[in-house]
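Participant: Below is the structure I would like to discuss, written out as structure tokens.
The values are calculated or read from the model by the stated rules, or taken from the named source; none is laboratory data. Please read all numbers here as calculations on a predicted model, not as lab measurements. Quick reminder, even Gly has a Cβ in these numbers, built from the backbone with ideal geometry, and neighbours come from all protein chains shown.
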């Protein structure tokens with residue numbers, strides 16, 4: 001069965017990367033959520049996409065220039081919604097509450113916006129927070145900063161890693177294996193018919209982003225890829241149910 005990950009929660013409907021967005025994604029039936037992390041000025045792991053606060057909060061400056069307490073005073077704004085910036089620990093607590101309520105084990109995809117070259121020690125701290133309450137089988141660490149993935153692999157040989165890419169790669173299965181990752185996380189636009197035919201005979205797990213087009217989604221479900229990351233988990237769930245996965 002192809003897994004459905006809510007991209008920054010249920011981004012199409014709620015303020016992205018907020019507890020409200022993640023909660024609604026789970027209520028829609030998502031198998032997991034994808035989120036983004038940064039360090040605050042005082043070393044707390046904050047869940048937020050951009051490096052700067054302008055787009056989502058209307059505030060000047062970068063997220064790492066403010067303490068956690070200061071960031072908590074800002075609001076993520078979207079369609080008359082005003083939500084608090086959560087910490088990674090708060091999101092995990094939400095996952096645990098929803099698991100208890102639903103009886104369903106949930107997945108968490110943690111995207112590191114930058115690794116230790118920019119945020120020293122963020123990989124180790126993110127792992128400690130996640131593994132304190134979730135099993136290793138529930139957490140995927142992904143990044144466009146592939147050095148960050150190698151840091152995690154060196155810290156823990158059993159951590160699940162996803163290689164994020166935005167454009168087509170030649171034989172990405174070789175690269176994924178080389179750095180010791182478990183998943184390939186490409187933009188769906190790079191999944192050409194040639195590429196999809198090449199991986200049919202390879203044990204190669206894809207979690208692709210950001211799929212909102214229903215026609216493309218149907219094709220991907222029928223090809224039984226491992227996971228789809230989407231802004232509209234409710235729409236994707238309906239398609240999966242129609243296909244009978």
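Participant: Let me spell it out: the conditions are (1) touching a strand residue (DSSP E or B) at 6+ places or on another chain (Cβ under 7 Å); (2) closer than 23 Å to residue 15 by Cα; (3) crowded, with 19+ Cβ neighbours inside 10 Å, and residue 187 meets all of them except one. Which number is the exception?
Facilitator: (3)
Participant: Under the condition of being surrounded by fewer than 14 Cβ atoms within 10 Å (Cβ to Cβ) and in a loop (DSSP other than H, G, I, E, B), which residue from the stretch 68-95 is modelled with the highest pLDDT?
Facilitator: The selected residue is 73.
Participant: Here's something else I'd like to know. So which residues in the stretch 189-226 are in a strand (DSSP E or B) and over 21 Å from residue 170 (Cα atoms)?
Facilitator: Selection gives nothing.
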